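Below is a structure I'd like to ask you about.
Bear in mind that the values in this text are calculations on the coordinates, not laboratory data. Computed from a prediction, not measured in an experiment: that's the story for all the values here. Don't worry about glycine lacking a Cβ; one is built from the backbone with ideal geometry, like all the others, and counts go over all protein chains shown.
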Amino acid sequence: MLHGTDAERRWSYGVHLFDGAGRNVRIGNSQGLIPSTRVAHALLGEVPREESDYAFSEEPALALGAGLQGAWRNEVRTWDLGRSPVGNERADFLATTVDSRFAWRGFSVAGDLYHRRVDPDDSAVDRYNGWAYMVSSGYFLVPQQHEIVARYSQLRLDRSDRDTREREWGLGWNIYHRGHDWKTRLNLLRHDFADRHDTTFLVEHHLQF
């Protein structure tokens, strides 16, 4: 990975190259690699280091970003959505993303858009496109101590197949005991699948030193 910013943190960039076995896979048979790149620009303020406005910015900050990732003959888990009759687990894909973030005086909002085109090596599986988006927001009721958050997201792995659609919304309360090094998160999440609905109450405690 190669990444950095300019002196004023108005621009940030990243160039990356990964193997093709997927997350947490130590042994794989991918024959290709995954190159990716990303760039972000701050229209106001600096390129943010985090999503929430923990710093309680006195001046508004607005940043836009875009990324591109590709792969060839790549082994990525579940890319075929269970459609490959011969169990071929390789495909070429191209993924793009556009994102934005705004922060000011404890209020923050972030939005992401994603698109992925998959070209299976298995001739019995057609090419397909997927998309997703996410919007999240937060506000510090007590600066640098108590933050309320909300999020909504939707995903369709294949935009022509309604059975691949998923939606999630969430509400939460973040308690910062000592910044991001020591904090507690309480989240209520609702996840809607094509065939079921899951509701989760999540309690997390982060301790970093």
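Could you point to the residue in Ala40, Phe18, His180 farthest towards the positive end of region 2-207's charge dipole, with +1 and -1 charges on the Cβ of Lys/Arg and Asp/Glu respectively?
Value computed over the given set: His180.
Which of Phe107, Phe18, Phe93 moves most in a GNM of the chain, Cα contacts under 10 Å?
Highest fluctuation among the options: Phe18.
Something else now. Quick one: Cα convex hull volume of the chain, Å³ per residue?
Working: hull volume 29.9 nm³, N = 209.
Each residue corresponds to 143 Å³ of Cα convex hull volume.
I would also like to ask the following. Hey, quick one: spin label on Asp119, modelled 7 Å out along Cα-Cβ, who in region 142-170 has an amide N within reach, i.e. under 19 Å?
Once the point is set 7 Å along Cα→Cβ of Asp119, 158-159 turn out to lie under 19 Å by backbone N, inside region 142-170.
Can I ask one more? Leu64 to Leu171: extension gain in nm, 0.36 nm per residue of separation minus the Cα-Cα distance? Don't skip to the end; give the middle numbers.
Working: separation 107, 0.36 × 107 = 38.52 nm, distance 2.47 nm.
Here the answer is 36.0 nm.
Between Glu50 and Ser160, how high is the FRET efficiency from 1/(1 + (r/R0)^6) when r is the Cβ-Cβ distance and R₀ = 35 Å? Nearest 0.05.
Values: r = 37 Å, r/R0 = 1.05.
E between Glu50 and Ser160, to the nearest 0.05, is 0.45.
Nothing charged except the Cβ atoms of Lys and Arg (+1) and of Asp and Glu (-1): what's the magnitude of the dipole of the chain about its Cα centre? Round to the nearest 20 debye. Provide the component values of the computation, followed by the final result.
Values: 26 positive and 30 negative charges, 25 e Å.
It works out to roughly 120 debye.
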